[in-house]
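The block underneath contains the structure these notes are about, expressed in structure tokens.
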Amino acid sequence: GQQVMQIPQYQHVQEGEDFTTYCNSSTTLSNIQWYKQRPGGHPVFLIQLVKSGEVKKQKRLTFQFGEAKKNSSLHITATQTTDVGTYFCAARTSGTYKYIFGTGTRLKVLA
Amino acid sequence: DTEVTQTPKHLVMGMTNKKSLKCEQHMGHRAMYWYKQKAKKPPELMFVYSYEKLSINESVPSRFSPECPNSSLLNLHLHALQPEDSALYLCASSQESGDQPQHFGDGTRLSIL
């Protein structure tokens, strides 16, 4: 079945450093969503990407969808302690409205 | 604060018990979802309801029985669960199924003794 892998699994950064997580699918995607889950919390929707090569920004966060629509990335500039949590991509293929969550990247930010 | 409300927040039950998880949203969303999340793992889709009809069942064992009494409510009936069913059960809703953001509840943390 479809697999959605994220790398790295874990990342520890010093506050102020940048962070990137990568999401890779074995199949071509229709669209991709990104969620953040704080420790002890629930996933919170961040963004949705639909078009090949699409780039979207939200303050310090930059999201990109690959040209082949098989991968995506989330980049955080100058991390803050409030960025701590697990970042999940959720991928959908055409012909289904079901999202498969990626394996997640757990971010720790050291003050 | 989440706009999707789940009750109870915690549940401990024996393997022979019958219990239900409840989920409620008043955002007018027409798609509702149940996910299971084990510690340090991603949410795994269990069921999707669209316009109060079950549209996706991800081959979930019959000891889990979903129900959507109306467009605002989603239940998950539990019976004869196994210890490996211990997990966080998350409910989510979206405006429609498809290209819509999912809004998650805080979840019910379920422990099976």
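The numbers here are math on the coordinates, done by the rules we state, and not lab data. Note that this is a predicted model, so its numbers are computed, not measured. Every residue, glycine among them, receives a Cβ derived from its backbone with ideal geometry; neighbour counts consider all protein chains shown.
Here are some notes:
- Segments classed as strands (runs of 3 or more DSSP E), wholly inside region B:56-102, with at least 1 members that are within 15 Å of residue B:112 (Cα to Cα) and out of contact with any Phe, Trp or Tyr (no Cβ under 9 Å at 6 or more places or on another chain): B:87-94
- So residue A:73, is it touching a Phe, Trp or Tyr at 6+ places or on another chain (Cβ under 8 Å), of a type in the set (Ser, Thr, Tyr) and closer than 21 Å to residue B:99 by Cα: yes
- Some residue of region A:1-10 being crowded, with 18+ Cβ neighbours inside 10 Å and over 15 Å from residue B:43 (Cα atoms): no
- Extreme residue, surrounded by the fewest Cβ atoms within 10 Å (Cβ to Cβ), among residues of region A:52-68 that are away from chain B (no Cβ under 14 Å) and assigned to a loop (DSSP other than H, G, I, E, B): A:59
- Taking strands (runs of 3 or more DSSP E) as the structural unit, those lying wholly within region A:70-111 and holding at least 1 residues that are within 8 Å of chain B (Cβ to nearest Cβ), in contact with a Leu (Cβ under 8 Å, 6 or more places away or on another chain) and surrounded by 18 or more Cβ atoms within 10 Å (Cβ to Cβ) correspond to A:85-92.
- The residue of region A:25-40 that is surrounded by the fewest Cβ atoms within 10 Å (Cβ to Cβ), among those that are under 12 Å from residue A:87 (Cα atoms) and within 9 Å of chain B (Cβ to nearest Cβ), is A:37.
- Any chance residue A:68 is among the aliphatic types (A, V, I, L, M) and closer than 29 Å to residue B:32 by Cα: no
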